[in-house]
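Everything below concerns the one structure shown next.
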Number of protein chains: 2
Amino acid sequence: MDDLEPLEKRTLVDLLTTKLREEILDGRYAKGATLPPERELADALRVNRTSLKHALMRLEQLGLIAIRHGIGSVVLDPAESAGMELVAHLVFRADGIDAAMLDDLIEARTLLGGLFARRAAERRSSAALAALAAPLDELGREPMSAADAQRLELEFFRALVRATGNRIFSLAANSMYSIYRARAHVFEGAFDDRAFIRESLERVLSAVRDGAPDEAERATLEYLKENGRRLSKSARLHAEREHAAGQRGLLRAARGRRGRVS
Amino acid sequence: MDDLEPLEKRTLVDLLTTKLREEILDGRYAKGATLPPERELADALRVNRTSLKHALMRLEQLGLIAIRHGIGSVVLDPAESAGMELVAHLVFRADGIDAAMLDDLIEARTLLGGLFARRAAERRSSAALAALAAPLDELGREPMSAADAQRLELEFFRALVRATGNRIFSLAANSMYSIYRARAHVFEGAFDDRAFIRESLERVLSAVRDGAPDEAERATLEYLKENGRRLSKSARLHAEREHAAGQRGLLRAARGRRGRVS
DNA sequence: CGTGGCTTAGTGGCTGAGCCACTCATTCAC
DNA sequence: GTGAATGAGTGGCTCAGCCACTAAGCCACG
């Protein structure tokens, strides 16, 4: 049988964090304003103050609020204070995917990917080359579902980032790709064409192996631009399917997509 | 008087988070192993379990551990699971600055800066140009301390990132620059030479204004490479001063550097 | 002899009540 | 005026306890 992913964890604090995060991102609280006092907010949400505090501290770490002793929880401007860990939450909102933000993300992935490929080609360490070749080899195996191809493509790019030798880049990539882990299925449709993926990545690997930065960047950009179009399209189709399912009422909850909880 | 930054917040949860984070980053717990049970750990640290939980949830959000109901807190590999929000903590460790990580950070800043400048020049929106010019104008004013120049230089680059029109890039920059806010003084020495900064950034602005991506990238890289050398040197000198102060014993705690708590 | 249900120990999730500490605006003494 | 004292409002932290989940061992049933 399929290797099921574990069910998504939904603790009370998760739910609280999501609810408050969405409200803040929706602009329900003005920047610089304070949230209601903890005791009040906890009462209103029917949860214990301790649980609420856990959620608030998460929001603080996300850069959405600043909790100040004796003052309250001040709402911040994410554009000023939030870090890359917010990307996933900005793209995947409660009411669906934010298309404009997804475009930004795809553009960022493309441009950064080109930069990473260039840098990897300049470095060209043998250990890194082996790590790049492994997922590409596996991409030739049978059977190979779109989900498998997607996983291997991701692995290739993670190896590419590591091949730059810069750990900051790896962390940046982790922040960007944290989306994929939880919502990979939304983009699965972009990975049907295995031949295209394999041939494109082969060209990247060759260029990196040859120590040809310009060619590595060019080949990577070429792939990522096309892949970006497909990711965008896949997300659009996914949204339409979600919408259609929504119209059929209870089917939405009963669909039973694995690895998801409503 | 100086515009003091608010005192760094040092709550119990902060201290706990720092202590545990450092222990994990030092490799005191093996990857995949579990931390001691919450009750035990709280007892050992002489704090309440609730406070410890707050700290553990922060570590989970940093990608250092995974808290699992019924199992325990599993230590993860930061290279796999941590995002850019960890950068600041990797560079600034309890026992000083991690020089290798700082090198990575400076390299990342340089390469990304070049990319951002190129993209900004391609976009070339008039609002963004105004936002770029403002800090540069102010850089010509008197009096101007190194700290002021540092602040304005940072503001210029933040404006440059915004000028790319890509919000993901802004978040990435926030993650990188979160260091500056708290530890700017470590790098202050790199901003003595105002003329160099001003002339370099003028060249960047001109290229962006002219819509010349190649030149914008070139000028930015030129500046950031030199600036990177100075940042590195400033950090090195700072570390030596710290070391010397440490040898004089209590002076370390009594020095009373503003905005810091030991 | 394996399958599935039950039990139990160990772990994190969450609660409610309460007190401490910080901030700010007001008040009051000088 | 100026500055200290006050008090209301807010978050910080603790305590004690119960609930819920996980894994492992046991046992009855087929």
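Among the numbered conditions (1) more than 10 Å from DNA strand D (Cβ to nearest atom); (2) of a type outside the set (Ser, Thr, Tyr); (3) closer than 19 Å to B:ARG28 by Cβ, the only one that B:VAL47 does not meet is (1).
Residue-level check: of (1) crowded, with 16+ Cβ neighbours inside 10 Å; (2) within 13 Å of chain A (Cβ to nearest Cβ); (3) at pLDDT below 95, B:ILE97 misses just (2). Within region B:47-77, the set of residues being more than 8 Å from DNA strand C (Cβ to nearest atom), part of a helix (DSSP H, G or I) and not hydroxyl-bearing (Ser, Thr, Tyr) comprises B:LEU52, B:HIS54, B:ALA55, B:ARG58, B:LEU59, B:GLU60, B:GLN61, B:LEU62. Kindly evaluate A:ASP26 against the criterion of being surrounded by fewer than 16 Cβ atoms within 10 Å (Cβ to Cβ), in contact (Cβ under 8 Å) with a residue 24 or more places away in the chain and away from DNA strand C (no atom under 13 Å from the Cβ). No. Across region B:156-169, the number of residues qualifying as in a helix (DSSP H, G or I), within 11 Å of chain A (Cβ to nearest Cβ) and surrounded by fewer than 23 Cβ atoms within 10 Å (Cβ to Cβ) comes to 3. Restricting region B:59-94 to residues that are of a type in the set (Gly, Ala, Ser) and more than 16 Å from DNA strand D (Cβ to nearest atom), the residue that is surrounded by the most Cβ atoms within 10 Å (Cβ to Cβ) is B:GLY83.
Beta carbons closer than 9 Å, at least 6 apart along the sequence or on distinct chains, pair a first residue in region A:122-134 that is outside any helix (DSSP H, G or I) with a second that is among the acidic types (Asp, Glu) for A:ARG124/A:ASP210. The residues of region B:75-94 that are closer than 15 Å to A:ARG162 by Cα and more than 9 Å from every other protein chain (Cβ to nearest Cβ) amount to a single one, B:ASP77.
If we scan region A:193-200, do we find a residue that is in contact (Cβ under 8 Å) with a residue 60 or more places away in the chain, more than 10 Å from every other protein chain (Cβ to nearest Cβ) and surrounded by fewer than 23 Cβ atoms within 10 Å (Cβ to Cβ)? Yes, the conditions are met somewhere in region A:193-200. Test B:MET57 against the stated conditions and say whether it is facing chain A (nearest Cβ under 8 Å), closer than 30 Å to B:LEU237 by Cα and out of contact with any Cys (no Cβ under 8 Å at 6 or more places or on another chain). No, not satisfied.
Restricting attention to region B:206-216, the residues that are of a type outside the set (Val, Ile, Thr) and buried (at least 23 other Cβ atoms within 10 Å of the Cβ) total 1.
Please verify whether A:GLU38 is at pLDDT 95 or above, over 23 Å from B:ALA66 (Cβ atoms) and more than 14 Å from chain B (Cβ to nearest Cβ), treating the condition exactly as stated. For A:GLU38, the condition - at pLDDT 95 or above, over 23 Å from B:ALA66 (Cβ atoms) and more than 14 Å from chain B (Cβ to nearest Cβ) - is not met.
The values are calculated or read from the model by the stated rules, or taken from the named source; none is laboratory data. Since the model is a prediction, treat every value here as computed from it, not as a measurement. Please note: Cβ atoms are built from the backbone with ideal geometry, for glycine as well, and neighbour counts cover all protein chains shown.
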